[in-house]
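S.K.: There's a structure below that I have some questions on.
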Amino acid sequence: MGASRTCILALLFATGAAAAGEPLGELLARARSLASSQGPVAAYELLAAAEDEHIGEIEFDYALGRAALDAARPDRATLAFARVLALDPLHAGALIDTGRAYLALGNAVQARAAFDMVLSLDPPPAVRDQVLALLARAGAAPAGRLALRGYVEASAGWSSNVNQSPAAAQVFVPAFGANFDLAQQNVAKSDSFLALAGGVDAALPIDGSLALIGGAEFLQRWYRQETAFDLGAIGLRGGLAVASEERLTRAQLVAMRSDLGHDPARETAALALEHIMSLRSVGALTFFAQGGAFRHPLESLRIFDANFLTLGATIQKLGERSSALLGVAAGGEDDTGGNPAGDKRLFAVRAAGEARLTRRLSLSAGAAWQRGRYDQIDPSFLLERDDKRTDLDLGLQYALSQELSLRIGLTWTEQRSNIPIYAYTRDEAWLGLRHEFR
């Protein structure tokens, strides 16, 4: 019996010594492999054996804390995460998992403090929703108490193409074999603008997992000279959310109205469904579906009436100093108003990321591509319309305080089309001041 115990102790010592002398990258890879093959306890024991060697290294301490949390050792997890936050106070992953560890220890007060700090970092929407679900579990919004979050932003900028029109004043029409002059309102126009936007999210918990949710958003853009293209929009939504630590499901009815030149342009009514799953890599996987109808109050625009359905998914990652998103969507619009182009089928992909350059300064970038194809031959251009659109955006944000930030943005859009009247390019630049409240 004594000999067996001695052998076991020797084996454990040898494993720990080997781990201690192992390069960090190889050690963490071996821990991930052990977690998959033998479970979280084995991974935790491996990393714990190397603690003396790598203590104080952010990547190691964070991995040790995650392993301890998975191995039902939240007390050890809080210690490891505390070392991470001592070196990087805004480490989003450590903040989220510190909250989860305190929840496991029954310390709701410190859990809420950690989750509130994550929300102050303005994480991606799916990660924010995950944290809000954890906050509800921590008792941050007890049943019957309304929780509100929102923002208001004022901005000024310039657009090279306020009416999203081609630059050429003439277009060749194959059906007539001749060039035609476009009306002036259908030729690209540039102008400066002022804009105001805002929104609010509301949640009223019914119990620990079920909540009534809703929100409202508005946007108004005024051009200096081209006032016929002033934009306005207002949207309302409301529904139910079911949340757990790992999942969030939302169903909402959405209504939106947009104006162009102060005349009603489009009304939208839809049902929106989302299912968000937390990922162990500190991120989220979202599946969504939206279906409804576009209607145009003005008689001249009713040919664009359509019913629509869109399905898609996004994957988001929230890292130590950066976040990233990749999404795809597909769907269509079924013509109900007599559009000569017929029904539309759509496919889109988007990628975006944000990096924290300093404690107050962050950089964001995004790229999107979409293709829309119609199923009827246009009688004037003798083609089935086929559009390909590319959007690029770049932003810089400086936090003046926890609630107030200064934002600078640049965007570029190009739409190519086999029917020239639908092709255009647009550049925009803007400067904005944003205030968030909760």
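The values are calculated or read from the model by the stated rules, or taken from the named source; none is laboratory data. Since the structure is predicted, the reported quantities are computational estimates derived from the model, not experimental observations. Every residue, glycine among them, receives a Cβ derived from its backbone with ideal geometry; neighbour counts consider all protein chains shown. Quick note on the areas: whole protein, heavy atoms, side chains included, nothing else; ligands and nucleic acids left out. Shrake-Rupley method; radii C 1.70, N 1.55, O 1.52, S 1.80 Å.
S.K.: Do we have any residue at all in segment 399-414 that's in contact with an Asp or Glu (Cβ under 8 Å, 6 or more places away or on another chain), open to solvent by less than 50 Å² (accessible area, probe 1.4 Å) and not in a strand (DSSP E or B)?
M.R.: Within segment 399-414, none of the residues are in contact with an Asp or Glu (Cβ under 8 Å, 6 or more places away or on another chain), open to solvent by less than 50 Å² (accessible area, probe 1.4 Å) and not in a strand (DSSP E or B).
S.K.: Quick test of your reading of the structure: PHE437 fulfils all but one of (1) more than 30 Å from ALA169 (Cα to Cα); (2) open to solvent by less than 40 Å² (accessible area, probe 1.4 Å). Name the failing condition by number.
M.R.: (2)
S.K.: Follow-up. Collect the residues in segment 74-122 that are within 28 Å of the chain's Cα centre (by Cα), in a loop (DSSP other than H, G, I, E, B) and of a type in the set (A, V, I, L, M, F, W, C), keeping them in residue-number order.
M.R.: Matches in segment 74-122: LEU90, LEU121.
S.K.: Continuing with this model, one more query. Quick one: in segment 371-382, of everything that is without any contact (Cβ under 8 Å) to a residue 40 or more places away in the chain and open to solvent by 40 Å² or more (accessible area, probe 1.4 Å), which residue is nearest to the chain's Cα centre (by Cα)?
M.R.: ARG371
S.K.: How about segment 210-241: which of its residues are touching a Lys or Arg at 6+ places or on another chain (Cβ under 8 Å) and closer than 25 Å to SER278 by Cα?
M.R.: Matches in segment 210-241: ILE213, GLY214, GLY215, GLY239, LEU240, ALA241.
S.K.: Related question: When only residues in segment 270-313 that are within 23 Å of LEU325 (Cβ to Cβ) and charged (D, E, K, R) count, which is surrounded by the fewest Cβ atoms within 10 Å (Cβ to Cβ)?
M.R.: ARG280
S.K.: While we're looking at this one, here's another question. Using the structure shown, decide if LEU69 is open to solvent by less than 30 Å² (accessible area, probe 1.4 Å), within 26 Å of THR314 (Cα to Cα) and modelled with pLDDT of 80 or more.
M.R.: Values: open to solvent by less than 30 Å² (accessible area, probe 1.4 Å): yes; within 26 Å of THR314 (Cα to Cα): no; modelled with pLDDT of 80 or more: yes.
So LEU69 fails the test.
S.K.: Mind listing just one residue for me: the one in segment 350-359 that is free of Cβ contacts under 8 Å to residues at least 40 places away in the same chain and over 13 Å from the mean Cα position of the chain (by Cα) and, of those, nearest to LYS388 (Cα to Cα)?
M.R.: This residue is ALA355.
S.K.: When segment 238-286 is examined, which residues are found to be under 30 Å from ALA67 (Cα atoms) and either at pLDDT 95 or above or not in a strand (DSSP E or B) (or both)?
M.R.: Scanning segment 238-286 gives SER244, GLU245, GLU246, ARG280, SER281, VAL282.
S.K.: So which residues in segment 289-309 are part of a helix (DSSP H, G or I) and small (Gly, Ala, Ser), if there are any at all?
M.R.: Scanning segment 289-309 gives a single hit, SER300.
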